[in-house]
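Each remark here refers to the structure printed beneath this line.
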Amino acid sequence: RRDRPEVDVRLIEFRHAGELRDAMAAGEADVALGPRPGDWAGPVRELGVEEFVVVLPADGAREDDSSGEVDMATLAGCAWVHYAPGNGLAELVDAACAAAGFHPRAAVRTEQTAAAPILAAAGLGPALVPANVLPARFDGRVLRPSVPVRRTLTAYTRAAPDPLTT
């Protein structure tokens, strides 16, 4: 922005990595930020690893969480703050819960990633959220899953990207 004030920036959030990939392939965007796309012909640059955490109410019943970790299987009986069908994070939550031996029952579903930790902290149920969406002064209890949940984030462009994006 500082180097190119004449360039307009528009941010579009997609519910699913597949929708993002399709939009990039159709030329609807210049740069995509998200999980690595499969079979992508253009440049892809790894940005880092996104960590997921479990959010619970700050004042809820506490099992021994002095380690800062939680075994997700202990939350199998809870109704979860979940993501709406079609949201890529819904698939990630389902996969993480399946790895812990259960299928999460939804107390509420949200389209908005940033809403999930707030709803969980308010007591609607546990939520598995990207750690980077938590606000600076967050009131909920934040624990790492004992089996880490992570995904690599990338930036990618079309095979013949706009000169500004290279």
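Numbers for the structure displayed
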| quantity | calculated |
| --- | --- |
| Residues located in the range 124-133, provided they are out of contact with any helix residue (DSSP H, G or I) (no Cβ under 7 Å at 6 or more places or on another chain) and either basic (Lys, Arg) or open to solvent by 30 Å² or more (accessible area, probe 1.4 Å) (or both) | Leu124, Ala131, Asn132 |
| Among (1) open to solvent by less than 30 Å² (accessible area, probe 1.4 Å); (2) under 23 Å from Glu19 (Cα atoms); (3) not in a strand (DSSP E or B), the one test that Thr113 misses | (1) |
| Identity of the residue in the range 38-60, among the hydrophobic types (A, V, I, L, M, F, W, C) and over 19 Å from the mean Cα position of the chain (by Cα), that ends up nearest to Ala107 (Cα to Cα) | Ala58 |
| Selected residue (criterion: least open to solvent (accessible area, probe 1.4 Å)) from residues of the range 15-45 that are assigned to a loop (DSSP other than H, G, I, E, B) and under 17 Å from Arg151 (Cα atoms) | Pro37 |
| Flag for Phe52 being modelled with pLDDT of 95 or more, part of a loop (DSSP other than H, G, I, E, B) and not aliphatic (A, V, I, L, M) | no |
| Hits in the range 36-52 - residues which are closer than 11 Å to Leu153 by Cβ and not aliphatic (A, V, I, L, M) | Arg36, Arg45, Glu46, Gly48, Glu50, Glu51 |
| Exclusive hit being of a type in the set (A, V, I, L, M, F, W, C) and part of a helix (DSSP H, G or I), set Leu128, Leu119 | Leu119 |
| Matching option when the condition is open to solvent by 40 Å² or more (accessible area, probe 1.4 Å) and touching a residue at least 60 places away in the same chain (Cβ under 8 Å), among Val49, Val54 | Val49 |
| Filter result (part of a strand (DSSP E or B) and either open to solvent by less than 20 Å² (accessible area, probe 1.4 Å) or under 10 Å from Leu128 (Cβ atoms) (or both)) within the range 72-102 | Trp80, Val81, His82, Tyr83 |
| Selection status of Val147, in a loop (DSSP other than H, G, I, E, B) and of a type in the set (Val, Ile, Thr) | yes |
| Some residue of the range 59-71 being in contact with a Gly (Cβ under 6 Å, 6 or more places away or on another chain) and not aromatic (Phe, Trp, Tyr) | no |
| Single residue of Ala136, Ala121 found to be more than 30 Å from Ala26 (Cα to Cα) and either in contact with a Lys or Arg (Cβ under 9 Å, 6 or more places away or on another chain) or surrounded by 14 or more Cβ atoms within 10 Å (Cβ to Cβ) (or both) | Ala121 |
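The values are calculated or read from the model by the stated rules, or taken from the named source; none is laboratory data. All values derive from a computational prediction rather than experimental measurement. As a convention, Cβ positions derive from the backbone with ideal geometry for all residues, glycine included, and neighbour counts pool all protein chains shown. We work out accessible area using only protein heavy atoms, side chains counted, and drop any ligands, DNA or RNA first. Shrake-Rupley method; radii C 1.70, N 1.55, O 1.52, S 1.80 Å.
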